[in-house]
Every structure is written in structure tokens, then in C-alpha cells.
Amino acid sequence: MGDYFSRYFTRIGFSVLASIIGALFALPLIWFLFAPFNARAELGLAIPDPFTLSNFVTVFNNAFAIRGLWNSLLHSVGGVILVGIGATLAAYALSRSNLPGKRAVTYTLLLFSSVVSGSAAMVPIFLIINSMGLIDTHFAVILVFAGGLLPTAMFILRDFIDGIPRSYEESAMVAGASPVQSFFDVALPVIRPGVVVIVVWSFVNIWGSFLIPFILLRSSDKMPAAVAIYSFYSEAGTPIVTLLAAYALLYSLPVIGLYLFVSWRFGFRFFGGIKA
Amino acid sequence: MASVVFNNVTKTFGEFTAVKDVSLEIGDGEFVCLLGPSGCGKTTSLRMIAGLETPTSGRIEIGGVDVTMKHPKDRQISMVFQDYALYPHMNLADNIAYPLKVRGEAEAKRHGRAREVADILKIGHLLDRMPSQISGGQQQRTSLARALVYPSQVYLFDEPLSNLDAKLRLEARGFLNHLQRDMGMTAVYVTHDQAEAMALATRIAVMDEGRIVQYAPPIEIYRRPATTFVANFVGNPPMNLLPVEAMTVEGAIRLKAEGLSIEGLPVSQAAAKAIGEGGALMLGIRPEHLAIASGGEVNTISGSLFANENMGPESLVTLERQDAARFTARIFTDDEIRLDQRVTFTFNVSHVHLFGPDGARLPLDGE
């Protein structure tokens, strides 16, 4: 009996603790949903009274900020296409070919991506882009993002492809398919869940990035949202909470939309159930 | 249909030699099983016929054409994989029809043909399903259907039944045998299951450590295994092997071992040579050629009772000798066998096999 009660209270205690932790994490999200619709929003949590869209009206009148969202989309989609295609083809080759030293190549790439790229490499990257005459172009931003994300994307995807039996492509080739056919008909559909992960991951990475476009771009009409969000700070550097909240909500919508779209269209899952 | 020829084929992976100088001829319409333990090179040999591995040296011909360097797609072959390799994103109809798709057949035509083959294999009602929604036995038949849907020179099987449970395996084996009788296809079939090889093959190539140890029809492999390795590998339970001391006395071979009594065997040239070189030979008797002695027999072997397993139509009786070696007899009776602690088996000398110190078979006179 005593044992029963002690287990009972352990469960209650555990649930209470979990609820408190959950509430702590939920508070900022609730603020994030309420503040944009509150004309007098502050850093404290408050239910909008009255419920208003006036913050959004002001934000939409800020051409620089709205243009920023479009530029972010441009950078993200461009980068995702480069990373998606490049990483898929490279990872497939690294996984399936018998190239000598391919293991060393993979690990060197990973090392370069995590150590060399990032803020530490900003000066050389700036110099390279400058000497290529690409400063203040979208292309430069997309290129640098793709270069920084590709190695990790390749590494993740190669591991994923390694886990897929070669017999899929082998059976296709024996059945009469060329290597290219077997890649597009059989291998690519099977590795698609891995590619989707890469696409979402690199989209989110580029979407939220500040430093690279800030350094490589000059004209304000090319700046992405991560930079444009600073137009909602006063000259003294204090945030205008109402507008910032509204813009932040707009800024996060594409990422949420992407997640929803991917999980509806592809699902973050594998084609399961085939025993090897 | 076509023949397959291996000409001194060797395949190495780095330091490891998987296939060592193998020469093999598979006739048109033959069903050849490559049989051996894992790592013996049988799968590598099969993959070289398919073109999925390239020989390090040597030549492979299909239908008289040198295909050593040809891409798999140019070989006109079919292959059934151990893991079936069904495409998880295609339904069964598209899976089975895929070889026709890459050959540029129109969709209506290739689906019609897929249905024909699927009906023969009794999976016609499943064509709309995805591979993950059908059972293992149905997956196996789907992969077989994909191999049969287009005309091929050679059909390759890489342990196709090893992922099935025992009952389904027997059923699928019977079906493959029927298919072979029906189509007369040239087939190369890799397995480590000697019963599968015995049941299906017109000839068996027993492989060990990258070499072919014996290449002969199943009954020949069973009756005259070329080495102790083959004797041990083929047969269930495997052949009983016993080290014996041999000498020639008055024109007959006399064998001596603890607990063994055996009449003199006729001397053959090979046996005489082996005895002259030392006389440590290996005696082999299959379990099904042993019977329980009733007393008074000349040819006997005895020891203490180790196990008595009644399997229904037969019993497996095992005795243990003083040197811890065991001898198993397969007695065909559905009666319960009552035995004392001391057991004696008897046998006919015509069922005795002799192997030399190197493990090679010593033919006895009359062979």
C-alpha cells in the first residue's frame, strides 16, 4: 500500500515539475503571439486590449523592412538550391564510389566547414569576394552561404546514404538502367528524406543569418530581414517593442510555413518496413 | 538462355583474395548452385557474373561473348537479391515493371506484362500495395517477378530464400524447382544451405576459401565428396569423420581406432600411396548409413550414449567416444528407440569413405 502511494506521489510530483518547466518555455512564445497585436506592447506579458493590427500597418509601410523579407527569401532559396543539389550529388559520390582517400576528403571538409568558415573567416571571405568584384551582389551572399553549409550538408547526407543498401541501385542496373537512370529512378527517391532535412536545415540557417549579408552587402535595398530588423530600433539603440514584435512574427512565418509544408508533402520520415 | 564461363578468374579486395583462379563452365539451361560457408567467395563470383564486381584478372563469358568489362545493364541478366531490393517508393506493379520501363515500354504494356507474371506468382491481387505493406514471402515473390518480367540470358540468385522462415522457404524452394523445370532457364544460385543446393541444382560448385573444391551433380557430391570439407558441408547431419590408423595387411586395408571394428577394405592405388606415406587417414560414414547393432556384426563402432533425439519419422542417436569425438546415426523409424548406456552402431563397408591426410578423397577399388 505504502509502495502504491509513494509511486502515486512521485508521478504527481513529476507532472507538476514538468508543467512548471513547460510554462517557463511557453511564456516567451505566448508573448510572441500576443505582443504583435497589442498597440502598447511592452516586454511584460499582456493580453492585447484592444486587439489591433496597427503594428502591422506600420511595419508594412516600412519599405526597407518588407524588402528585407524578400531579400531573405532570395538568399535562402538560392542557397538551398545550391546546397541541395551540390550536397546530394557529392554525398552520393562519396558514399558509393571507390575513390581512394574519400574518407579523408569527407573529414577534411567537415573540419574546414566547422573551423574555418564562420566569423573567423570573415576577413579572407570579404577579400576574396572583393577581388572577384562581387561585393554588394546577392550572388556573393548565396555563394558564401552555400560554401559554408555544403561540407556539413555533405557529411550528414553521406552518412544517410551510407545507411541505404546498394542493392537498390544494383538491382536497377542489372535490370537494364544506366547509372544516371538508377540514380534518378531509385536512389534519389529513397534518399529524399535526407535531402529534405538538408533543405530545411540550410534554409533556416540562411534565413536567420546576419553577419555574412551585413558584411558583403552595401545597398540597403539588398539587405535581408535579419539586418532590416534593426530599423525597428530607435537611434539610441532601444527596441521599439511593438513594431519589433510584429516584424518578428512576419519574419518567422516562412520558416513555420516551410516546416508545415515539408511535413505535409514529404513527412520527416523514412519509407520504413523493408527488412534488410 | 545462355552458358556462362569463368576463365581463371581472380578477385582481390586490397589484401584479401575473395576468389582465387576459378574456372567454371555453366551449360545452357543448367541450374548451378554455388555452395559454401560465408566468405568463401560465392557471392563475389555471382556479382562478377552480374557485372557488379570487376574481376582483378581472368575472363567471364555469357553466351560465348566476353562480358568481363561490360556494364550490368548490357549483360541481359536478371538477379534476385538477398534483401529483395524492392523500391520502397513504388507500388508492386511499378516495381515489377521497372525493367520494362528502362527498356522504354509503354505504361499499359508493361503493367499488362507485370500483371501476367504477378498472377503466375500469386501476387496479382497485391499490385497496388507498397512493398512495406506486404509480407516477407510476398516481397520475395515480388523480387522474383521483377527478375522474370523480361527475357534474360542468365538468372542470378543471391541467397533469395535466406530471409524467409523455414516453412515459407520450403514452399519457395519447391516453386523455384518447378519454375526451373518449366522454363529450363540458365541459373546461378548462391546459397550456404546444402539442402537448398541439393534440391535445386543440376550441378553444385562447392566453394571454400575462394576456390571451387568440387563441381559435380548433387548426387555425385553426396556419394563421392571430393574432400572432408565437402563431406562435412553436404548432408544433414554432416558425415561422421574419425581419424584412423591404416595399414596394408595381406592385400587389404586394415583400419584401427578405439571402439572400431571393420573388415579389410580392398586396396586402391591412391589408398596404398597414402598408407605408404604415414597411414593417418580419415574414415567417413554418413549418419543415414549407420544402424543400431543387434550383436554379431563385423563392422561396428561403439561408445557411450550421448543423445537420443526422436524427430517423428526418424531418430538421431549420438554416441560419444572416449576421445570425445561424436558419431551420429540417423535411424528411420517412428518407434521409440530404447538404448543402454553403451551403444554400438553397425554399417556396410560399401558406405565407407576414406580421406587422406590432406583431406582429399581416396577412391576405393571399384570407383
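The values are calculated or read from the model by the stated rules, or taken from the named source; none is laboratory data. This is a predicted model, so every value here is computed, not measured. Because the Cβ atoms are built from the backbone with ideal geometry, glycine has one as well, and the counts that use them run over all protein chains shown. Only protein heavy atoms, including side chains, enter the accessible area calculation; ligands, DNA and RNA are left aside. Shrake-Rupley method; radii C 1.70, N 1.55, O 1.52, S 1.80 Å.
Taking helices (runs of 4 or more DSSP H) as the structural unit, those lying wholly within segment B:79-151 and holding at least 2 residues that are open to solvent by 10 Å² or more (accessible area, probe 1.4 Å) and away from every other protein chain (no Cβ under 14 Å) correspond to B:107-120. Would you say A:Thr152 is hydroxyl-bearing (Ser, Thr, Tyr) and open to solvent by 30 Å² or more (accessible area, probe 1.4 Å)? Taking the combined requirement at face value, the residue satisfies it.
For segment B:182-197, indicate whether the set of residues that are open to solvent by 40 Å² or more (accessible area, probe 1.4 Å), in contact (Cβ under 8 Å) with a residue 60 or more places away in the chain and touching a Cys at 6+ places or on another chain (Cβ under 9 Å) is non-empty. Checked against the condition, which is being open to solvent by 40 Å² or more (accessible area, probe 1.4 Å), in contact (Cβ under 8 Å) with a residue 60 or more places away in the chain and touching a Cys at 6+ places or on another chain (Cβ under 9 Å), segment B:182-197 yields at least one hit. Of all residues in segment B:298-325, exactly one satisfies the criterion of being touching a Gly at 6+ places or on another chain (Cβ under 8 Å), free of Cβ contacts under 8 Å to residues at least 40 places away in the same chain and open to solvent by 20 Å² or more (accessible area, probe 1.4 Å), namely B:Glu320.
This table checks each residue for (1) touching a residue at least 60 places away in the same chain (Cβ under 8 Å); (2) surrounded by 15 or more Cβ atoms within 10 Å (Cβ to Cβ).
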position: A:Leu73; (1), (2): yes, yes
position: A:Val80; (1), (2): yes, yes
position: A:Thr88; (1), (2): yes, yes
position: A:Ser95; (1), (2): yes, yes
position: A:Leu99; (1), (2): no, no
position: A:Leu111; (1), (2): no, no
position: A:Asp136; (1), (2): yes, no
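When restricted to residues that are open to solvent by 40 Å² or more (accessible area, probe 1.4 Å) and polar (S, T, N, Q), segment A:43-61 contains 3. With respect to the conditions (1) open to solvent by less than 60 Å² (accessible area, probe 1.4 Å); (2) farther than 19 Å from B:Thr228 by Cα, B:Phe332 falls short on a single one, namely (1).
Scanning segment B:31-78 for residues that are within 14 Å of another protein chain (Cβ to nearest Cβ), open to solvent by 10 Å² or more (accessible area, probe 1.4 Å) and not charged (D, E, K, R) yields a count of 8. Cβ-Cβ distances below 9 Å connect the following pairs, each with a first residue in segment B:29-40 that is closer than 12 Å to B:Val234 by Cα, a second residue that is open to solvent by less than 10 Å² (accessible area, probe 1.4 Å) and assigned to a loop (DSSP other than H, G, I, E, B), and a separation of six or more residues or different chains: B:Leu35/B:Val234.
Would it be correct to say that A:Arg40 is surrounded by fewer than 19 Cβ atoms within 10 Å (Cβ to Cβ), touching a residue at least 24 places away in the same chain (Cβ under 8 Å) and not assigned by TED's automatic domain parsing to the domain that holds A:Phe210? Yes, satisfied. Only residues that are out of contact with any helix residue (DSSP H, G or I) (no Cβ under 8 Å at 6 or more places or on another chain), assigned to a strand (DSSP E or B) and either closer than 21 Å to B:Ile77 by Cα or not hydrophobic (A, V, I, L, M, F, W, C) (or both) were counted in segment B:1-23, giving 9. Taking the stated definitions as given, is B:Leu161 among the hydrophobic types (A, V, I, L, M, F, W, C), over 15 Å from B:Ser78 (Cβ atoms), open to solvent by less than 40 Å² (accessible area, probe 1.4 Å) and touching a strand residue (DSSP E or B) at 6+ places or on another chain (Cβ under 8 Å)? So B:Leu161 fits the description; yes.
Screening B:Arg129 with (1) of a type in the set (D, E, K, R); (2) touching a helix residue (DSSP H, G or I) at 6+ places or on another chain (Cβ under 6 Å); (3) under 24 Å from B:Pro37 (Cβ atoms) gives one miss only, at (3).
Scanning segment A:150-171 for residues that are at the interface with chain B (Cβ under 7 Å from one of its Cβ atoms) and part of a helix (DSSP H, G or I) turns up A:Ser167, A:Tyr168, A:Glu170, A:Ser171. Does A:Val199 meet the test of being touching a residue at least 12 places away in the same chain (Cβ under 8 Å), within 14 Å of chain B (Cβ to nearest Cβ) and within 30 Å of A:Phe155 (Cα to Cα)? Answer is no for this residue. Among the residues of segment A:174-193, at least one is within 14 Å of chain B (Cβ to nearest Cβ), surrounded by fewer than 20 Cβ atoms within 10 Å (Cβ to Cβ) and of a type in the set (Ser, Thr, Tyr). Of the listed requirements (1) at pLDDT 90 or above; (2) under 17 Å from A:Trp201 (Cα atoms), A:Tyr259 misses just one: (1). The combined condition, being open to solvent by 60 Å² or more (accessible area, probe 1.4 Å) and in contact (Cβ under 8 Å) with a residue 60 or more places away in the chain, is fulfilled by A:Ser220.
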